[in-house]
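Everything below concerns the one structure shown next.
The values are calculated or read from the model by the stated rules, or taken from the named source; none is laboratory data. Worth saying up front: this structure is predicted, and the values here are computed from it rather than measured. Quick reminder, even Gly has a Cβ in these numbers, built from the backbone with ideal geometry, and neighbours come from all protein chains shown. Quick note on the areas: whole protein, heavy atoms, side chains included, nothing else; ligands and nucleic acids left out. Shrake-Rupley method; radii C 1.70, N 1.55, O 1.52, S 1.80 Å.
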Amino acid sequence: MPVEMLIALNPDPDSKLPYLLRLPIGAGLVFRVRDTWPRTAAVYCHPVPLTEWPEDPTLVEQQPLRSCQRRGPSIDVVLTRSRENRSQLVFTRARGRDVVFWQSPKTRKQSRPAVRVPTGRAPGADELTIIIDAHERYAYRFADKPVLTTKRALPAGDYGAAVGDRLVAVAERKSAEDLIASLTNGRLRYALGELAAVPRAVVVVEDKYSAIFKQQRLRPSLVADGLAELQVRWPSVPIVFCETRPLAEEYVYRFLAASVAWALDDSAVEERLGQVLLLETTAERASRPAAPGVAASNREVRAWALESGLAVSDRGRLPAGIIAAYRAEHP
């Protein structure tokens, strides 16, 4: 029997929530819901016993599931359809009571700060091309940014920027759940080692730091200590908590733009410094006195040998005996 998300009409005429949502968690979880999908706003859900699910339901939606898993205080629901396929039921508290909200990436309000994402161009990003890793799913679009995007395999990270053929910066994107999972199974340790091999790298988390203390599978102190230990071990790869996905996307854009500007400035400085060193070396060689064995010294040795009655040719290499005799006479 396929695993499905079922939505039926609520047979209770007195309920203000017209639908019933059933998810295949355990024997089944049933919620009274206000809508069939969180399209424009988060949908309030009221959990009810499994017995409220009617024996002969009037189905409104019957969608096959790619996955339906509980992760801490939330349930991640992924449908097999191509659009409007990812959502999450979040168990939280509001006004002193337990509540459940059904939200999608488009309507997500969890930890949303009261700020506007800036629209100004990042310095040094006039011709910025952002490389998106070929394995990155649900990638940032950078739709309102003056950048070009291209997809190819990256040696580390999910997003990168290059100067010429040299990769100068990468950014690894993680949700709070993925951060904790990769920390506990050891994948994050290896990922940071790979990121540290790039000149500039960062791990961007689409949540607040407080999110690691809200999960229930592990003691929060273990997660906090693990993250601190990794930061001490790889101080060149910061882990930045950006609260929301739009703010994380903004941070990645500005981080990569700043890294490209840094790399271009650094290359220009290296080139100028190389020219200065070359000029200094040339001037130093010009002022250095000629060493024995150069053309002028050969002429001197040949003239001394003729004056001393020693047989020596007018051209070619001087015999070693003639040179030794000259050095003995002129130490």
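Within region 132-147, how many residues are in contact with a Phe, Trp or Tyr (Cβ under 9 Å, 6 or more places away or on another chain) and either farther than 25 Å from residue 211 by Cα or surrounded by fewer than 19 Cβ atoms within 10 Å (Cβ to Cβ) (or both)?
Qualifying residue count, region 132-147: 7.
Would you say residue 129 is open to solvent by 20 Å² or more (accessible area, probe 1.4 Å), at pLDDT 85 or above and over 30 Å from residue 4 (Cα atoms)?
Working: open to solvent by 20 Å² or more (accessible area, probe 1.4 Å): yes; at pLDDT 85 or above: yes; over 30 Å from residue 4 (Cα atoms): yes.
It is true that residue 129 is open to solvent by 20 Å² or more (accessible area, probe 1.4 Å), at pLDDT 85 or above and over 30 Å from residue 4 (Cα atoms).
Residue 144 versus (1) in a helix (DSSP H, G or I); (2) in contact (Cβ under 8 Å) with a residue 12 or more places away in the chain; (3) among the acidic types (Asp, Glu): which is the lone unmet condition?
The one condition residue 144 does not meet is (1).
Name the single residue, out of those in region 56-79 being basic (Lys, Arg) and in contact (Cβ under 8 Å) with a residue 24 or more places away in the chain, that is least open to solvent (accessible area, probe 1.4 Å).
71
Scan region 36-55 for residues that are within 20 Å of residue 105 (Cα to Cα) and without any contact (Cβ under 8 Å) to a residue 40 or more places away in the chain and report the count.
Residues flagged as within 20 Å of residue 105 (Cα to Cα) and without any contact (Cβ under 8 Å) to a residue 40 or more places away in the chain within region 36-55 amount to 1.
Checking residue 53 against (1) within 17 Å of residue 103 (Cβ to Cβ); (2) touching a Lys or Arg at 6+ places or on another chain (Cβ under 7 Å); (3) open to solvent by less than 40 Å² (accessible area, probe 1.4 Å), which test does it fail?
Residue 53 satisfies every listed condition except (1).
Test of understanding: among 204, 163, which residue is at pLDDT 95 or above and of a type in the set (A, V, I, L, M, F, W, C)?
Residue meeting the stated conditions: 204.
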